[in-house]
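The values are calculated or read from the model by the stated rules, or taken from the named source; none is laboratory data. Note that this is a predicted model, so its numbers are computed, not measured. Cβ placement follows ideal geometry from the backbone for every residue including glycine, while neighbour counts extend to all protein chains displayed. Just the protein is used for accessible areas: all its heavy atoms, side chains included, with ligands, DNA and RNA removed. Shrake-Rupley method; radii C 1.70, N 1.55, O 1.52, S 1.80 Å.
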Amino acid sequence: MAIHKGVAVAASKTDELISATGAAGDYLEGLLIIPATTSPGAVSIKDGVGSAITVFTGGASSVSSLVPFSIPLGFKSASGAWKVTTGANVSVIAVGDFT
């Protein structure tokens with residue numbers, strides 16, 4: 001059974017590593033998106049040096065309340081550490097099995 005970890009990423013971070021070293025095969029189960037306003041910024045993920053994938057676009061009045069919500073992913077890294085980029089007024093808890 002894999003050990004799942006939760007890693008917090010603050011608002012306004014770029015390519016924040018969600019593990020100590022990261023490696024191919026790291027498992028990103030999902031993200032808990034935590035908006036601080038009803039107009040939070042975007043959230044994207046990156047697999048190693050790959051291209052960013054937007055998982056939440058955010059923007060003006062993109063959420064109706066400040067209730068955190070989950071984005072299930074179930075991704076394994078192909079090329080290295082997972083990285084998360086958060087916009088203004090949105091933080092994340094990444095959950096998975098990371099090295």
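Structural remarks
- Note on the chain: with charges restricted to the Cβ of Lys and Arg (+1) and Asp and Glu (-1), its dipole about the Cα centre is near 80 debye.
- Relative contact order (%) - segment 31-99, alpha-carbon pairs under 8 angstrom, separation at least six: 50 percent
- Most mobile of Val63, Val84, Val43 in a GNM of the chain (Cα contacts under 10 Å): Val63
- Database remark: amide H of Ser91 closer than 5 angstrom to the amide H of Ile34, Ala36 (H placed geometrically; neighbours at sequence offset of 5 or more, or on other chains; Pro and chain starts carry no H).
- Applying 0.36 nm per residue to the separation of Thr38 and Ser70 and subtracting their alpha-carbon distance, the gain on full extension is 9.9 nm.
- Stretch gain in nm, segment Thr99-Ser51, where the contour uses 0.36 nm per residue and the Cα spacing is subtracted: 15.2 nm
- Going through (i) 1.08; (ii) 0.97; (iii) 1.02, the figure that equals Cα Rg over 2.2 N^0.38 Å as computed for the structure here is (iii).
- Packing order of peptides 77-83, 12-18, highest average first: 77-83, 12-18 (average count of other Cβ atoms within 10 Å over each peptide's residues).
- Heavy-atom accessible area per residue - the chain, 1.4 Å, Å²: 51 Å²
- Across segment 54-59, computed HN-Hα scalar couplings (Karplus, 6.51 cos²θ - 1.76 cosθ + 1.60, θ = phi - 60°) run 6, 10, 8, 7, x, x Hz from first to last residue, x flagging Gly and Pro.
- Couplings 3J(HN,Hα) for segment 83-90, derived from phi with the Karplus relation 6.51 cos²θ - 1.76 cosθ + 1.60 (θ = phi - 60°), are 10, 10, 10, 10, x, 5, 6, 8 Hz, where x marks Gly and Pro.
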